[in-house]
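Notes for the one structure printed next.
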Amino acid sequence: MKITKQATDDVVIAELGGRLARIRLERNLTQGQLAEQAGVSKRTVERLESGAVATQLSGFIRVCRVLGVLERLDTLVSEPVPSPVAQLKLRGRQRQRASITKTAKPSAKKWQWGDKP
């Protein structure tokens, strides 16, 4: 199944867990063997594969590392590349803050000499 933006969180998590299980089986590893090599509990592997939400991300990363698919996470959250215009504005520096767009307040009436403030 392809993961799309229409898929619910539970569906995405279940799909990722199923993929981990299939990769584990391709590598001919039991859940216990994978858990031992990854340094996590067997229950963590079971929860990852079943799509249990409460599993920690570090356990997921350890399992991916043992299965040899850690580099694939780079496609999940790729490195952001600033546009050429943004690169020119930054002049080689790293951006450190988000900017807030300010909206101009429309003035009800232009001030003229002789008007009271």
Might you report the magnitude of the Cβ-based charge dipole of segment 9-76 about its Cα centre, with Lys and Arg at +1 and Asp and Glu at -1, to the nearest 20 debye?
240 debye
Among 18-31, 1-14, how do they line up by average Cβ neighbours within 10 Å per residue, starting with the highest?
18-31, 1-14
With T = 20 °C, eta = 1.002 mPa s and Kirkwood Rh from C-alpha pairs, the Stokes-Einstein D of segment 1-52 in µm²/s is about 188 µm²/s
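Coordinate-derived values only; no laboratory data. Given the structure is predicted, the values throughout are model-derived calculations rather than measurements. For neighbour counting, all protein chains shown are included, and Cβ atoms are generated from backbone atoms with ideal geometry for every residue, glycine included.
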